[in-house]
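This report concerns only the one structure given below.
The values are calculated or read from the model by the stated rules, or taken from the named source; none is laboratory data. Given the structure is predicted, the values throughout are model-derived calculations rather than measurements. Glycine gets a Cβ as well: all are built from the backbone with ideal geometry, and neighbour counts include every protein chain shown. For the accessible areas, the whole protein counts, side chains as well, though only heavy atoms, and no ligand, DNA or RNA atoms are used. Shrake-Rupley method; radii C 1.70, N 1.55, O 1.52, S 1.80 Å.
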Amino acid sequence: QVQLAESGGGLVQAGGSLRLSCAASGSIFSINVMGWYRQAPGKQRELVALVTRGGRTNYTDSVKGRFTISRDNAKNKVYLQMNSLKPEDTAVYYCNGDPTVFDWGQGTQVTVSS
């Protein structure tokens, strides 16, 4: 069973940037779509960005133009570059397939202060 490990979160001021990484313990090449999800306190987990095996991307409206998702199939990694961060981006961030195919990792906390 592939395990996912997210990293790169932290505390940042509004307008700042963070780069999240997701390392899979096994191959993600067979997973056509990988995504980054987030869950804010008291809210449901939501998909914010996805990337296909071939590199096509899509984003939820609230992060378009600010976040960039990418994947390295050879390294079994997925990345999320987050720029112009806002307090409403505060959440625990997770990666998984879309639809989800792996057990959830522990996620990485992103906190954006105003």
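Placing a pseudo-label 7 Å from each Cα along the Cα-to-Cβ vector at Q109 and L11 gives an inter-label distance of 0.9 nm.
Percent of alpha carbon pairs in the stretch 62-109 separated by more than 15 Å?
Of all Cα-Cα distances in the stretch 62-109, 56 percent exceed 15 Å.
When Rg and the Kirkwood Rh are both derived from Cα coordinates, the Rg/Rh ratio for the chain amounts to 0.94.
Considering only DSSP beta bridges with both partners in the chain, what is the antiparallel share in %, to the nearest 5?
Numbers: 34 of 38 bridges.
The antiparallel fraction comes to roughly 90 percent.
Sorted largest first by accessible area at a 1.4 angstrom probe radius, with every protein chain in place, the residues R71, R19 fall in the order R19, R71.
Would you mind getting me the FRET efficiency between A23 and T68? Use the beta-carbon distance for r and R0 = 25 Å, nearest 0.05. Spell out each step's value before the answer.
Details: r = 18 Å, r/R0 = 0.73.
Here the calculated transfer efficiency is 0.85.
Model label sites at K86 and S30, defined 7 Å from Cα along the beta-carbon direction, differ in position by 4.0 nm. Between A40 and K75, the C-beta separation translates, for a Förster distance of 35 Å, into a calculated FRET efficiency of about 0.75.
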